[in-house]
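The values are calculated or read from the model by the stated rules, or taken from the named source; none is laboratory data. Remember, predicted model here, so these are calculated numbers, not experimental data. FYI the Cβ positions are ideal-geometry reconstructions off the backbone, even for glycines, and counts take in every protein chain you see. Keep in mind that these areas ignore ligands, DNA and RNA; they rest on the heavy atoms of the full protein, side chains included. Shrake-Rupley method; radii C 1.70, N 1.55, O 1.52, S 1.80 Å.
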Amino acid sequence: STDILSGKVKITGKRTAVIGSGMTGVETAELLETMNNEVYVIEMAEEIGPGASWQNLSDVQSRLMQYDTVFMPSHKLTEITSHSILLEKKGGEKVELPIDKVVLSLGVHAGQTLTDKFSKEFKQVIRIGDTAQIGRIANAITTAFEEAYKLNSEL
């Protein structure tokens, strides 16, 4: 999904499955829809956008519904073939969906590359946001404020 959102990869006119319906997944689906793709959003959880802010999610979903995006909650990806994906519904029923392209949006991990470089050059480097712990933007802003406040108190 990162490659799609950054513009590094472009998919046009394909039946595309986005696996994962967090905010990154639905935003990727929206961009794919603007590129004339038929998009399926596959989510293992019972609801689309687990853990996402309902305001942001409903905003993107309302636009996706104008494109006839297909949302498939309670479907677990079990296999990718050359021409389809195999899914399993919560009750165990198997579903084969013909697909041209698969885009994974299954979460992120804490990125340490830049903080590791900065730590070699500076005495004090404070990790905030996803470099400290994967979370939501609100958590990153709160952590940044708290750390900045601590620094100011030390001066």
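With +1 on the Cβ of every Lys and Arg and -1 on the Cβ of every Asp and Glu, and nothing else charged, how large is the dipole of the chain about its Cα centre, in debye rounded to the nearest 20? Spell out each step's value before the answer.
Values: 16 positive and 21 negative charges, 78 e Å.
Roughly 380 debye for the chain.
At 1.4 Å probe size, with the rest of the protein present, what percent of the exposed accessible area of region 59-150 is carbon and sulfur atoms? Don't skip to the answer; put the middle values down first.
Working: 3770 of 6790 Å².
About 55 percent, which is the carbon plus sulfur part of the accessible surface.
Accessible area per residue, 1.4 Å probe, Å², for region 62-111: what's the number? Walk me through the numbers before you get to the answer.
Numbers: 3330 Å² over 50 residues.
That works out to 67 Å² per residue.
Using a Förster distance of 41 Å, how high is the FRET efficiency between ILE141 and VAL102, based on the Cβ-Cβ distance and rounded to 0.05?
On the way: r = 33 Å, r/R0 = 0.81.
With R0 = 41 Å, the Cβ-Cβ based efficiency is 0.80.
Where both partners of a DSSP beta bridge lie in region 1-143, what percent of those bridges are antiparallel, to the nearest 5? Spell out each step's value before the answer.
On the way: 10 of 22 bridges.
Restricted to region 1-143, the bridges split so that about 45 percent are antiparallel.
Using only Cα atoms, figure out Rg for region 31-147 and give it as a multiple of 2.2 N^0.38 Å.
1.41
Stretched out fully, how many nm does the piece from SER74 to GLN124 gain, at 0.36 nm a residue minus the Cα gap? Don't jump to the answer; show the numbers that get you there.
Details: separation 50, 0.36 × 50 = 18.00 nm, distance 4.52 nm.
Between SER74 and GLN124, full extension yields an extra 13.5 nm.
Run the dipole for region 61-111 about the Cα centre, Lys and Arg Cβ at +1, Asp and Glu Cβ at -1, nothing else charged, and hand back the magnitude in debye, nearest 20. Intermediate values should be presented prior to the final figure.
Values: 6 positive and 6 negative charges, 36 e Å.
Dipole magnitude for region 61-111 comes out near 180 debye.
Kindly report, to the nearest 10 Å², the accessible surface of GLU154 as traced by a 1.4 Å probe over protein heavy atoms only.
130
Over region 1-57, what is the mean sequence separation of C-alpha contacts under 8 Å (at least six apart), divided by residue count, expressed as relative contact order in percent? Spell out each step's value before the answer.
Numbers: 75 pairs, mean separation 21.3, N = 57.
After rounding, I find 37 percent.
Could you run the Karplus curve 6.51 cos²θ - 1.76 cosθ + 1.60 with θ = phi - 60° over region 30-43 and give me ³J(HN,Hα) per residue in whole Hz, x for Gly and Pro?
4, 4, 4, 4, 5, 9, 6, 9, 9, 10, 10, 9, 9, 9
So what is the relative contact order for the chain, in percent, with contacts set as C-alpha pairs under 8 Å and at least six apart?
On the way: 237 pairs, mean separation 31.1, N = 155.
Computed value for the chain: 20 percent relative contact order.
At GLN133 and LYS117, where each label point lies 7 Å from the Cα along Cα→Cβ, what is the point-to-point distance in nanometres?
The answer from the label model is 2.7 nm.
Would you work out which of LEU31, ILE128, VAL41 lies farthest towards the positive end of the dipole of the chain? Charges go on Cβ: Lys and Arg +1, Asp and Glu -1.
ILE128
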